[in-house]
Amino acid sequence: MKSLKIQFLAAEADPLIKVGGLGDVAGSLPGVLRGLPESPDVRVFLPFYPPLKDQAHHYEPVAGIEIPHQDGPILAQAFFSEIRGIPFYFIDGEPIAASPQVYSGDNQQDGTKFTFFSLAALELAKILGWKPDILHAQDWHTAPAVYDLHLVRTNDPFFQDTRSLLTVHNLPYLGHGAEGALHAFGLPRAHLSPLPDWAEGLPLPLGLLAADKINTVSSGYAEEMLTPAFGAGLESFLRTRVKDLSGILNGLDLETWNPENDPALPVNYGPGTITARSENKRLLQEELGLEIDPRLPLLAMINRMDYQKGVDLVPEALRMISGLEWQAVILGTGDPTLEDAARQLDLESPRVKTILKFDSSLAHRIYGGSDLILIPSRYEPCGLTQMIGMRYGCVPLARSTGGLKDTIRDYHAGTSRNSTGFLFEDADSSSLAMAIRRALEVFSDQRRWRGLQRRGLQQDFSWEKSAEKYLALYRDLTGAHQD
Ligand code: ADP
């Protein structure tokens with residue numbers, strides 16, 4: 001069988017640049033795919049964000065490309081670098097240089113940046129004479145490439161055989177505000193399509209309309225997306241595409257996330273040495289200025305401060321259980337109102353520490369030293385924090401939705417022997433508070449708690465199984481075409 005060529009487009013990829021879970025996925029899946037016995041030729045395409053230029057990689061210029069725009073062509077400069085054995089192509093140009101952050105918060109600006117990037121990445125493949133079998137795009141940022149491919153491939157022999165896969169990491173981010181950018185780069189609105197009218201000019205819906213296959217990052221979310229509560233208004237449209245829609249659970253980068261040799265942890269440990277993590281807890285309590293006491297359950301939250309994540313439920317829930325013994329650490333950054341609420345809780349109580357920044361190293365120490373990680377998401381396509389938590393013996397307590405429901409087995413009477421965490425149903429503070437109460441009860445019996453931790457540590461969250469599924473999907477796409 002010939003080795004497949006996969007053009008992998010993403011807005012972020014760890015360790016080069018990461019904002020959230022998409023960065024984790026784009027930073028690990030391509031490498032795992034390349035390592036499979038069939039060794040597909042996966043190449044990653046990223047915008048050349050200004051901070052990347054300061055990193056110590058050798059960036060080799062490979063091409064200059066003119067991207068048509070209504071105000072005149074814009075020059076894209078492409079660079080190549082092999083990083084951790086993976087070929088990376090970087091696209092530079094005025095729209096990318098103009099915005100130093102991955103996401104500026106202004107979708108008009110980001111729409112220009114990502115549409116420019118998406119079109120330039122396709123053109124680059126052509127210049128390289130590297131015909132991708134699969135264009136694999138992620139989320140709204142690179143969905144314009146999928147739409148453009150669909151528009152050009154009937155008349156462009158180069159892309160005639162290229163099939164597309166669009167992975168949805170976060171459905172409600174449709175790319176509102178980017179409509180004008182698509183138009184300016186010559187990508188028309190859809191017309192009389194199965195999409196709702198209001199979505200016919202938006203990048204993610206257009207990508208979902210044009211993609212040969214669609215997937216999302218857990219089976220649970222693939223089902224939820226078809227319902228009004230989770231479908232972001234696209235549920236009826238998505239139901240028309242159900243035979244092309246699947247869910248593939250994200251894996252974890254087990255090298256980055258390995259408590260046995262994680263350099264960010266003061267003490268390393270594994271399934272047989274969980275008790276050693278108590279020293280990490282002690283040092284974490286000390287670092288955070290919390291009372292140093294191994295018996296006090298240390299609750300953690302590491303999150304984007306976003307309504308999606310149910311961050312607003314936490315302060316209220318913790319106030320509801322103020323009569324119980326616990327401590328809490330909150331690490332996150334994002335929405336100023338949610339940040340304020342977390343800061344307020346810290347001011348109210350010496351047993352809460354709120355750190356409002358993005359700090360990878362501290363995140364590792366929190367996973368390695370806290371007892372319970374709170375993940376009260378309103379929706380969660382996959383979620384990585386629960387998997388990282390389990391791998392680090394930091395037991396997850398999460399809302400029963402999407403990928404959280406698919407990866408955590410709830411602790412309750414009868415099933416406690418294979419449980420790995422705590423799940424609760426309703427997105428409100430009292431349900432969260434009740435679940436924390438349940439968890440604290442179990443924590444008070446250290447034998448039962450160790451069981452939970454051990455089972456979590458033994459879960460297999462490796463990428464291999466999921467990467468095999470992606471490969472099967474790629475094969476399916478190319479095979480379907482050859483029929
Ligand atoms: P999402 O992609 O929706 O933000 P995920 O759970 O898939 O959520 O991934 C979040 C990733 O970002 C995890 O690796 C988590 O540890 C990390 N993370 C989130 N907030 C912070 C922060 N403030 N500092 C360090 N790491 C963070």
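FYI, it's all coordinate maths here, none of it is from the lab. Keep in mind it's a predicted model, so treat the numbers as computed, not measured. Cβ coordinates were reconstructed from backbone atoms using ideal geometry, including for glycine residues, and neighbour counts include every protein chain displayed.
Here are some notes:
- Normalised size of the chain, defined as Cα radius of gyration per 2.2 N^0.38 Å with N residues, equals 0.99.
- Segments 216-223, 428-435 sorted - mean Cβ within 10 Å per residue, highest first: 216-223, 428-435
- Using a simple spin-label model with pseudo-atoms 7 Å out from Cα toward Cβ, Ser349 and Arg319 lie 1.1 nm apart.
- Angstrom value of the Kirkwood radius, inverse mean 1/r, which spans all Cα pairs in the range 139-287: 18.1 Å
- Quarter of Cα convex hull surface for the range 25-140, i.e. mean projection, nm²: 7.7 nm²
- Placing +1 on each Lys and Arg Cβ and -1 on each Asp and Glu Cβ, with no other charges, gives the range 158-216 a dipole about its Cα centre of roughly 100 debye.
- Listed by chain and number, the lysines placed with their C-alpha closer than 24 angstrom to that of Lys465 are Lys2, Lys5, Lys18, Lys213, Lys243, Lys405; residues fewer than eight positions away on the same chain are left out.
- Protection-proxy order for peptides 334-342, 112-120, each taking the mean of Cβ atoms within 10 Å per residue, highest first: 112-120, 334-342
- Label-to-label distance, nm, for residues given as Arg417 and Asn155 (7 Å Cα→Cβ offset): 6.7 nm
- Spacing of the two label points (7 Å from each Cα toward its C-beta) at Lys53 and Thr273, in nm: 4.5 nm
- Taking packing as the residue-averaged number of other Cβ atoms within 10 angstrom, the listed peptides 392-405, 156-169, 444-457 run from highest to lowest as 392-405, 156-169, 444-457.
- The per residue volume of the convex hull around the alpha-carbon atoms of the range 202-313 is 183 Å³.
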